[in-house]
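The values are calculated or read from the model by the stated rules, or taken from the named source; none is laboratory data. These numbers come from a predicted model, not from an experiment. Cβ placement follows ideal geometry from the backbone for every residue including glycine, while neighbour counts extend to all protein chains displayed.
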Amino acid sequence: MKKIILFIIIILQLTINYAAGELIKLVDIPTAKTILRGYYAVDFVAYGRGGIQTKVMIGLTDRLTLGVSEDIGGAIGNNKADWNIPGVVAKLNIIYPDADTTGVAIGYDALLTGEFGKCYNNRITEDIVYGLYVSFSKQVHLFAGEQHWHFGIRFPLLPFEARKDGKNISLYTGLNVIVTDDIILFGEAENIYLSGNRGSEVLYNTALKYYFNESLSVGVTFQYTHSREINPTDKASRSLSIEYQNIFY
């Protein structure tokens, strides 16, 4: 696995031309930004129990991003791989965020990912849960440096079991902190359900990402939940992410 990841990094470094990247998501939650017109993005995540998730997206305009995602549970290791039908990814920016303006975007994507995220999905359905979301992004000044606050709401649509009675509508919030030009720290909370007493089901994600340049980043992510049903060992699940953006046309 380490050799594969190293090979991917080397290939991307050789093909890079220092395109301007956009922060379209934190760890798992989306921001209000979209990929710029003519650019593409590849997002690769290796998570617990040998799972792999890959997303490929392209900016049709400066405000509209379309793509496809595929999640394979148990892809690495000797367990049987859990293949899923590729899903559609879409995001439309309504208000672009800047220093004085709160950004707004609507989109469609898988709502929970990672080892624990998929465990929560499986309590509802065996399939990946996809749905709509509305995301907001705002620059804030909580302490020295530059920080951006992101928050929003998710509406499950597919499969039907996930949207039944509206009980799985949830909120999310997160913060990214620019430590240096090369390092960004991410923290977020998702799976904050609006119905029922489900506080133990909140997912907490943190990540540290290193940017080789504006196009390529590698990050280490930790996902945690208080639920002993989902996380009986009371430990964080680790994952590795590689994100790459470049110009296509």
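Brief remarks on what is shown
- Selection status of residue 43, modelled with pLDDT of 90 or more, acidic (Asp, Glu), touching an Asp or Glu at 6+ places or on another chain (Cβ under 8 Å) and not in a strand (DSSP E or B): no
- Selection status of residue 61, under 16 Å from residue 36 (Cβ atoms), part of a strand (DSSP E or B), touching a residue at least 24 places away in the same chain (Cβ under 8 Å) and among the hydroxyl-bearing types (Ser, Thr, Tyr): no
- Members of region 200-245 found to be in a loop (DSSP other than H, G, I, E, B) and either of a type in the set (A, V, I, L, M, F, W, C) or within 14 Å of the chain's Cα centre (by Cα) (or both), listed by number: 202, 212, 230, 236
- Being closer than 23 Å to residue 90 by Cα, among the acidic types (Asp, Glu) and out of contact with any Lys or Arg (no Cβ under 8 Å at 6 or more places or on another chain) holds for only one residue in 146, 188, and it is 188.
- Yes/no for residue 129 being of a type in the set (A, V, I, L, M, F, W, C), in contact with a helix residue (DSSP H, G or I) (Cβ under 9 Å, 6 or more places away or on another chain) and either at pLDDT 90 or above or surrounded by 20 or more Cβ atoms within 10 Å (Cβ to Cβ) (or both): yes
- Region 40-60 - residue that is out of contact with any Ser or Thr (no Cβ under 9 Å at 6 or more places or on another chain) and over 30 Å from residue 230 (Cα atoms) and, of those, surrounded by the most Cβ atoms within 10 Å (Cβ to Cβ): 40
- Pair list, Cβ < 8 Å and 6+ apart or interchain, from region 112-124 residues that are on the phi < 0 side of the Ramachandran plot to residues that are of a type in the set (Phe, Trp, Tyr): 112/120; 113/47; 115/47; 116/224
- Of all positions in region 142-159, none carries a residue that is farther than 23 Å from residue 99 by Cβ and small (Gly, Ala, Ser).
- Search result, residues across region 107-146 that are of a type in the set (A, V, I, L, M, F, W, C) and assigned to a strand (DSSP E or B): 110, 132, 134, 136, 140
- Total residues in region 39-51, condition over 13 Å from the mean Cα position of the chain (by Cα) and more than 13 Å from residue 244 (Cβ to Cβ): 4
- Boolean, residue 138 is closer than 23 Å to residue 187 by Cβ, basic (Lys, Arg) and crowded, with 20+ Cβ neighbours inside 10 Å: no
- Identity of the residue in region 61-95, of a type outside the set (A, V, I, L, M) and touching a helix residue (DSSP H, G or I) at 6+ places or on another chain (Cβ under 6 Å), that ends up surrounded by the fewest Cβ atoms within 10 Å (Cβ to Cβ): 77
- Selection from region 47-61 of residues that are at pLDDT 95 or above and either under 22 Å from residue 95 (Cα atoms) or among the small types (Gly, Ala, Ser) (or both): 57, 58, 59, 60, 61
- Members of region 190-227 found to be free of Cβ contacts under 8 Å to residues at least 12 places away in the same chain and closer than 19 Å to residue 122 by Cβ, listed by number: 198
- The set of residues in region 94-106 being farther than 14 Å from residue 150 by Cα and part of a strand (DSSP E or B) consists of 94 alone.
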